[in-house]
Amino acid sequence: MVKGGRARHAPDMTQKPVPVSRVVPNDGTQAPQVQPDAMPDAGAWALIAGLLMVMTVCHGIITSDLPALDSAILADLGISRGALKLRETIFLLSAGVSGLAIGFLTARVRPSRIVLAGLVLLAITLTAYGHARSIGQIYALYGLLGLSFASSHVVIVVLMVRARFLGLRTLATSIALSGTSIGAAIFPSLAVFALEQADWRSVLRAAAIIPLALLPVAAVLVRSPRPNRHEEMPVAAARSGPLLGAFAQVPRHRLALALLLVATFGTFFASTAFLLNLFLYLQDIGLGARMAALGMTLVFLTGLFGKVLVGAAAERWGTNRVWNSQQMLLLAGALLLSLGGPMIAFVGLVLLGAGWAGCYVLTQVVIANSFAGPRLGQMTGAFIVFESIASGSGVFVAGRLFDLFGSYRPGFLICAALIAGAALAAFLFRRLVEGGHAVAHREEPVGDPG
């Protein structure tokens, strides 16, 4: 019997809840303790290695290699920065809508097949981009790049990790998502070097070879069964409704959901505004192209190590607590970048990279933990749309404010204020969730509250 005299619901034996003996709940301030029999096998880690490589190539080329070509494209096509940066808004919105569609598609198509199709699409789109003659054609191609990006983005990673891992999910997710930082650390410098040898069109056509070369390796490593939508918490989902999953058990869950949306919007709006305008901004404050590329590399190398460390820290101290601390690092980096000169900016780059790495990974983990249940893929996809709207708005607004004021500083200061608001919302969200899980754990375990 459950405390309070209520009879425990009989579990549905056709479903697979996480065994209580494997994941031990706590008071909501740290991650559950994972027992040895829940440790992932070699095949699960091979999957993570494959996802890491795919994200390195796919995300690295799209989000870091292509922006490094901006100066050459601006000079060749004779367009404004605001017009050029609208392509990122189109891309991010496309990636968001595609993520939602993929969330539904995974009910019928294996995620591994979606990943492989995305690599092929990336190669085709980069080849076509090398022949683009107008900004309108570039806009259309960035819509396709959004679909390619989504094919190996958070929805796929979350579903594949939860299908193969009972324990260490936060660490596994953080390692897989580190591919974005590896790619971002590698490709800007490669793009600058390539531009010294050839024109931007030739660079794009050469880049199209990379995803094709990765295709056979990905086909071997990125293999997993269909995600089991009923893997976790069938009892809780049945009692609270399948849409919100575990989140419906949080007291005042509507307020908690609003706080989560505010924290997500502010974080993604501001971070993307910084990152996708960073190469041009560093040149504006006096750095050459090579030093600006080095600055980009510094941000994402910091992010690479930060993601792995943050994943390990979240396993130890809890996801929400570490998430909140990472937002404070992000805020410090944003302020230093906005207000400092070239030397101070490099300190800001390190803090920005570390803060964004943690925020990016842990936002996805918080969402996955909050909505664990039969509709996890769809809910994750819906949040990807929301994140993409926030990100697309951020990069476009920063570009437009540059056109208005001749400087990125006003837009970047607005972004810093949004990060501060996001950190406050995340703190209040954490307090609500911890209180809710403290109550829930007195009745029955519901997973990782951290």
Can you find, among Leu84, Ala95, His59, the residue sitting farthest towards the positive end of the charge dipole of region 57-142, where Lys and Arg contribute +1 and Asp and Glu -1 at Cβ? Ala95
Quick check on packing: order 169-179, 421-431, 125-135 by the mean number of other C-beta atoms within 10 Å, highest mean leading. 169-179, 421-431, 125-135
Along principal axes, Cα extents of region 368-428, largest first, whole Å: 49, 23, 8
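Suppose every K and R has +1 on its Cβ and every D and E has -1 on its Cβ; what is the size of the dipole of region 64-220 about the Cα centre, in Debye to the nearest 20?
Details: 12 positive and 6 negative charges, 134 e Å.
Charge dipole of region 64-220: 640 debye, to the nearest 20.
Compare the peptides 39-47, 113-121, 323-331 by average per-residue count of other Cβ atoms within 10 angstrom and give them in order, highest first.
Working: 39-47: 14.9, 113-121: 19.1, 323-331: 23.7.
The most tightly packed comes first, giving 323-331, 113-121, 39-47.
Expressed in whole Å with the largest first, what are the equivalent ellipsoid semi-axes of region 77-224 derived from the C-alpha gyration tensor as the square root of 5 times each eigenvalue? Walk me through the intermediate numbers first.
Values: eigenvalues 168, 62, 42 Å².
After diagonalising the Cα gyration tensor, the semi-axes are 29, 18, 15 Å.
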May I have the pair-distance distribution P(r) for region 164-229, computed from all Cα-Cα distances with 5 Å bins from 0 and rounded to whole percent? 3, 12, 14, 20, 17, 12, 9, 6, 5, 2
Need the full-extension length gain, Asp403 to Ala107, defined as separation in residues times 0.36 nm minus the C-alpha distance. One decimal, nm. 102.1 nm
State the Cα centre-to-centre distance between region 330-378 and region 63-82 in whole Å. 25 Å
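Normalised radius of gyration for region 103-146, please: alpha carbon Rg relative to 2.2 N^0.38 Å, two decimal places.
Values: Rg = 13.0 Å, N = 44, 2.2 N^0.38 = 9.3 Å.
Rg over 2.2 N^0.38 Å, computed on Cα atoms: 1.40.
Rule-based calculations on the coordinates, nothing more; no lab input. These numbers come from a predicted model, not from an experiment. So basically every Cβ, Gly included, is an ideal-geometry build from the backbone, and we count neighbours across all protein chains shown.
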